[in-house]
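Every read-out reported here was derived from the displayed coordinates using simple, explicitly stated rules and does not represent laboratory data. Just so it is clear, the model here is predicted, and its values are computed rather than measured. Backbone-built Cβ (ideal geometry, glycine too); neighbour counts: all protein chains shown.
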Amino acid sequence: MPTDIALTVIWVLPFLASLVAVAIPRGARDGAAWLGGTVAGICLLATLALYPAVAAQGAVRSGLDWIPSAGLNLSFRMDGLAWLFCVLITFIGLLVVLYARYYMSPKDPVPRFYALLLAFMGAMLGLVISGNIIQLAIFWELTSLVSFLLIGYWYHRGDARDGARMALIITGTGGLALFVSMLLVGHIVGSYELDDVLASGSLIVEHPLYPVTLILLLVAAFTKSAQFPFQFWLPNAMTAPTPVSAYLHSATMVKAGVFILTRFWPVMSGSDLWFWIVTYTGLITLIFGAYTALFQRDLKGLLAYSTISHLGLITTLLGMGTPLAAVAAIFHTANHATFKASLFMAVGIIDHETGTRDVRKLSGLRRFMPFTATLAIIASAAMAGVPLLNGFLSKEMFFTETAIYDPNVFVNLSLPIGATIAGMLSVAYSVKFVHGVFFGPPPTQLEKTPHEPPPLMRRPIELLVLICLAVGIIPGITIGPYLASAVTSVLGTETPYYSLSVWHGFNLPLVMSIIAMVGGVAIYVPYYRRLRDVDGAPLIGRWRGQRIFERMLVTLTNRWARKVIATFGTQRLQPQIFLVVLLALAAGVAAGWARIGQLPLPDSFDPVLGLVWLVGGISALAAAQQAKFHRLAAMILMGGAGLATCLTFAWFSAPDLALTQLLAEIATTVLILLGLRWLPKRLPTPDDVTWKVRIRRYRDAGLAALVGLGATVASYAIMTSPAPEGISDFFLTNAYSQGGGTNVVNVMLVDFRGFDTLGEITVLGMVALTVFALLRRFRPAADSASRPEQQQVLDDMANGAGQQVADDFLRIPALIMNWMFPVVIVVALYMLLRGHDLPGGGFIAGIVMSLAFILQYMAGGTRWVEDRLRILPVLWIGWGLLLALMTGLGAMALGAPFLTSAFAYWDIPLIGKVPMATALLFDLGVFALVVGATVLMLIALAHQSIRRPKAASAPTPKIREGLDKWN
């Protein structure tokens with residue numbers, strides 16, 4: 001398989017399969033499992049296929065240009081470290097998919113589970129193979145978002161929602177810190193490409209911004225890998241289904257933190273700041289997690305704190321800064337993934353077959369579940385570091401590194417002593433897990449009779465335990481070459497000699513291992529009854545990070561937020577608008593006042609333009625005056641002010657802006673008029689508050705005048721200031737040569753700044769869907785009509801009464817509007833096709849097309865639109881956005897940056913050469929989305945504007961059926 005295809009398959013396929021899984025029916029558990037297993041298997045095979053190239057070349061790369069000038073590209077890079085993590089993610093992911101098939105209940109929405117699991121897999125794979133550090137930060141945050149959904153999968157449970165929210169807040173905050181850190185790294189190195197960053201040597205460490213960059217990076221790593229003091233979120237994430245816990249703790253999520261430390265170890269670890277912070281944060285976490293795990297009743301809680309402890313071990317090794325410590329960290333990362341995944345799956349089987357994870361209720365399960373007990377005992381021994389298992393080898397490396405002499409007395413004593421204490425506690429909680437669950441008398445407090453699970457549910461554990469044994473007995477054959485590849489990708493030429501032999505002679509690390517095993521048993525045996533019954537670690541149980549987090553959350557969300565809302569918030573819209581306008585005034589004054597004395601006076605002023613502005617100003621003032629008496633008159637006058645704006649745009653040679661303003665004015669006027677009918681009647685103002693109302697209106701009028709003056713000064717200052725060199729000339733010079741159009745404004749929108757336009761139409765589509773979602777079941781109140789007689793006419797029309805009178809009254813205008821329908825459509829298409837060279841374009845054409853539908857609504861009402869047009873505006877929105885997106889992706893498929901356009905002349909018989917540009921396809925997507933968004937809001941408003949009486953059960957409109965189907 002070609003390298004480019006393999007790398008693309010690895011990260012794209014899980015996301016595509018996630019979308020497919022969402023569409024699988026709720027009860028199709030086997031189909032979702034087959035989909036997840038197939039995707040994980042294909043990604044695993046693609047990863048394995050890349051190993052020869054990775055081993056030979058050191059790294060394989062693939063990517064697409066995005067914004068090359070800014071150093072932002074879609075870049076993927078797989079070296080030995082990324083390859084090892086990809087194998088862990090895909091292999092354990094495949095086993096989790098198989099295990100979940102039997103663990104998840106048929107009553108659960110299993111397709112949604114597999115959709116989230118596949119998306120999580122894709123996010124982790126994208127993270128580890130990212131070749132651009134900004135892209136890495138994006139995938140990093142995506143893992144936090146998807147893990148939030150997985151942890152809160154059983155959202156009907158309060159503890160699941162709380163655990164998911166806590167995980168998202170902690171890890172999401174770390175993601176923001178990582179993003180800023182990556183921006184600083186790119187600034188220091190001068191590139192955002194990972195190859196350039198890793199080749200920068202000591203440039204980052206020697207830079208003045210290194211301390212800030214390092215602290216932000218460590219905040220991200222520590223929050224993700226649950227290092228002290230952020231460790232409390234991980235035990236609360238145990239509310240997730242056990243397959244999620246197994247995947248999250250072994251190969252994904254929490255391993256992302258140690259991955260980022262390992263990835264940037266070559267360029268950021270050579271400092272005392274790195275050593276002291278990383279090493280001792282890891283050591284504290286190592287001991288804290290092991291100590292707390294010993295006092296857990298819940299088996300998943302015990303394993304969660306053991307994960308925290310082992311992550312602290314890896315962090316301690318990475319903090320030491322020596323090459324051999326880095327080797328041990330990478331080795332233990334792989335070992336921990338195997339035995340921890342198998343242990344979580346074993347706990348899931350115990351919970352599944354007994355109905356509990358409480359160690360007080362579990363004992364003697366070895367008699368009922370001998371195969372599962374044997375597998376769990378071996379995996380627990382690997383976690384404790386028993387010889388001939390993989391955990392023993394990496395633990396020996398850890399002890400070796402901590403026992404190395406250091407001239408600093410504190411370091412020389414604290415590291416080996418802390419490591420030995422943590423080793424003793426690790427053995428103790430491993431013995432507690434084995435003895436408390438599988439030995440002792442038969443259980444008497446279980447709701448189910450324990451028994452072995454289905455064989456296929458146990459197969460993933462068997463395979464993982466077999467790997468623990470194989471690596472522990474013959475490490476040089478099983479993991480040696482792959483570990484060497486991963487180590488070399490991190491250390492490069494500084495890779496030291498290391499041995500994976502099981503026996504290194506009788507030395508200090510072996511003595512530390514013996515002390516740890518004997519001491520762990522000595523800790524557990526005398527106190528096993530107390531350790532079984534206690535829940536919460538003595539001495540430190542009251543200083544829980546979760547409690548501190550909850551208090552901070554309550555303080556921020558309840559106390560401070562309420563104070564801010566009480567001070568600045570209001571339920572009325574007018575005071576909020578007043579504050580916004582006041583800020584706009586300050587911004588305008590700040591922008592223009594600095595140059596107020598330097599502004600040149602205009603040479604001349606045309607009195608005709610002054611007359612237009614005078615009419616517009618009078619219309620605006622009159623609209624404000626009429627708003628308190630007659631809303632329809634105010635709307636008409638506001639249209640006059642808008643028309644003056646359109647004429648101003650046209651006067652200053654901006655026909656595109658004038659067209660857009662004019663058409664948007666027409667469409668929004670109709671939509672607002674429909675909404676005006678919902679407003680309550682204006683009530684007479686009592687005499688005692690009349691003076692307050694007048695003062696408020698005078699205040700608003702003064703503010704409006706000041707804002708207008710400030711905006712005028714700021715606009716004039718900007719327009720009379722010298723333009724930055726190159727900007728205007730660039731667009732004028734390259735609009736035709738690079739964009740294929742003579743209408744510079746349209747070429748900018750669909751070519752040079754097409755990505756901005758894509759974001760804008762996306763927001764427009766979201767707004768339209770939000771409006772419809774808010775209004776689809778809303779009915780205006782009984783007193784919402786400004787004129788009851790108008791409402792009575794509409795009610796009579798809805799019931800069929802008075803229909804003949806209405807038809808006779810509207811027949812002639814309706815006939816004219818129906819005749820105009822094809823004409824307006826032709827005008828819309830004309831505006832669309834000519835937009836690249838003359839005023840027009842997709843947005844203008846979309847509004848014109850929307851006006852055609854508005855005319856039909858005005859002529860025939862909703863009944864005519866439902867019966868004749870059969871519009872599905874949600875489809876228009878979806879296809880428009882998809883077409884715009886596919887235009888950009890098509891450019892990437894051809895090796896060009898996203899949304900790069902091309903143009904050529906087509907020679908059409910009898911017509912001649914016709915200019916054609918790919919930007920037309922993008923503009924067509926804009927056109928479709930604008931039509932769909934406008935018509936959707938029209939339908940939402942129009943359907944609600946006629947209040948059908950409660951006694952009549954009107955049939956569901958066809959168009960509403962179609963929209964409900966897509967909602």
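Post the alpha-carbon centroid distance, the range 92-163 to the range 166-218, in whole angstrom.
If you average the Cα positions of each part, the centres end up 26 Å apart.
Hey, fewest Cβ within 10 Å first, where do F927, F438, F120, F629 land in order?
With the sparsest Cβ surroundings first, the list reads F629, F438, F120, F927.
Using mean Cβ contacts within 10 Å as the protection proxy, how do 833-841, 504-512, 667-675 order, highest first?
Answer by packing, highest mean first, reads 833-841, 667-675, 504-512.
Once amide H atoms are placed 1.01 Å from N in the peptide plane, what residues at a sequence separation of 5 or more from N132, or on another chain, have their amide H within under 5 Å of its amide H?
Hits under the 5 Å cutoff: S75, L194.
Would you mind calculating the relative contact order of the range 273-538 from Cα pairs under 8 angstrom and at least 6 residues apart, reporting the percent as a whole number?
Values: 417 pairs, mean separation 74.9, N = 266.
For the range 273-538, the relative contact order is 28 percent.
What does the net charge come to around R77 if you take all other residues with beta carbon closer than 14 Å to its beta carbon, with K and R at +1 and D and E at -1?
Taking every other residue near R77 into account, the sum is -3.
If you fit an axis through the alpha-carbon atoms of helix 29-49 and take the longest principal axis of the Cα set of the chain, what angle between them do you get, 0 to 90°, nearest 10?
Long axis of 29-49 versus the principal axis of the chain: about 70 degrees.
Alpha carbon centre of the range 348-407 versus the range 700-770: separation in Å?
63 Å
From the phi angles alone, apply the Karplus equation (6.51, -1.76, 1.60; θ = phi - 60°) to the range 826-837 and give each ³J(HN,Hα) in whole Hz, x where the residue is Gly or Pro.
Whole-Hz 3J(HN,Hα) from phi for the range 826-837: 4, 4, 4, 5, 4, 5, 5, 6, 8, x, 6, 10.
First check a/c for the range 372-504, with a ≥ b ≥ c the square roots of the eigenvalues of its C-alpha gyration tensor; if it is under 1.5, answer rounded, and if not, answer prolate when a/b is larger than b/c or oblate otherwise.
Verdict is oblate for the range 372-504.
At most 14 other C-beta atoms within 10 Å and a DSSP loop state: those are the exposed GluC sites (Glu not before Pro) I care about. Give me the longest piece of the chain that has none.
448-724
Arrange M719, M182, M121 by Cβ neighbour counts within 10 Å, fewest through most, would you?
Listed from fewest to most nearby Cβ atoms, that is M719, M182, M121.
Report the gain in length on full extension from I672 to F371: 0.36 nm times residue separation, minus Cα-Cα distance, nm rounded to one decimal. Spell out each step's value before the answer.
On the way: separation 301, 0.36 × 301 = 108.36 nm, distance 7.08 nm.
Gain on stretching I672 to F371: 101.3 nm.
Mind checking the full-extension length gain between D195 and T770? Use 0.36 nm per residue of separation minus the Cα-Cα distance, one decimal, nm. Don't jump to the answer; show the numbers that get you there.
Numbers: separation 575, 0.36 × 575 = 207.00 nm, distance 4.33 nm.
The D195-T770 span can extend by a further 202.7 nm.
Can you sort K107, K432, K448 from fewest to most other Cβ atoms within 10 Å of each residue's own Cβ?
In order of increasing Cβ crowding within 10 Å: K107, K448, K432.
With the contact rule set at Cα under 8 Å and sequence spacing of 6 or more, what percent relative contact order holds for the chain? Intermediate values should be presented prior to the final figure.
Working: 1434 pairs, mean separation 86.2, N = 967.
Over the chain, the number comes to 9 percent.
Over 29 Å apart: what share of the alpha carbon pairs of the range 273-538 falls there, rounded to a whole percent?
On the way: 10759 of 35245 pairs.
Counting every Cα pair in the range 273-538, those more than 29 Å apart make up 31 percent.
What ³J(HN,Hα) values, in whole Hz, does the Karplus curve 6.51 cos²θ - 1.76 cosθ + 1.60 give for the range 146-159 when θ = phi - 60°, with x put for Gly and Pro?
Once θ is set to phi - 60°, the couplings for the range 146-159 become 6, 5, 4, 5, 6, 5, x, 4, 8, 5, 6, 9, x, 5 Hz.
Treating the Cα atoms of the range 106-175 as identical point scatterers in vacuum, please give the log10 of the normalised Debye intensity I(q)/I(0) at q = 0.13, 0.21, 0.26 Å⁻¹, two decimals.
Cα-only, vacuum Debye calculation for the range 106-175: -0.40, -0.87, -1.10.
For I514 and L882, compute 0.36 nm times the residue count separating them, minus their Cα-Cα distance, and round to one decimal in nm.
126.2 nm
Sorted by average packing, counted as other Cβ atoms within 10 angstrom per residue and highest first, what order do 46-54, 822-830 take?
46-54, 822-830
Could you check the spin-label model distance between R694 and I618? Points 7 Å from the Cα along Cα→Cβ, value in nm.
Spacing of the two 7 Å Cα→Cβ label points: 2.6 nm.
Using modelled backbone amide H atoms (1.01 Å from N, in-plane), which distant-in-sequence or interchain residues come within less than 5 Å of G440's amide H?
Under 5 Å from the amide H of G440 lie the amide H atoms of G364, each far enough along the sequence or on another chain.
Hey, can you rank 286-298, 573-585 by average C-beta count inside 10 Å, highest first?
Those peptides, ordered most packed to least, come out 286-298, 573-585.
Work out from phi, with θ = phi - 60° and the Karplus expression 6.51 cos²θ - 1.76 cosθ + 1.60, the ³J(HN,Hα) of each residue of the range 551-559, listed in order in whole Hz, and give x for Gly and Pro.
Working through the residues one at a time gives 5, 4, 5, 5, 5, 6, 7, 9, 7 Hz.
Using Cα-Cα distances under 8 Å and only pairs 6 or more residues apart, what relative contact order does the range 377-428 have, in percent?
Once normalised by length, the contact order is 31 percent.
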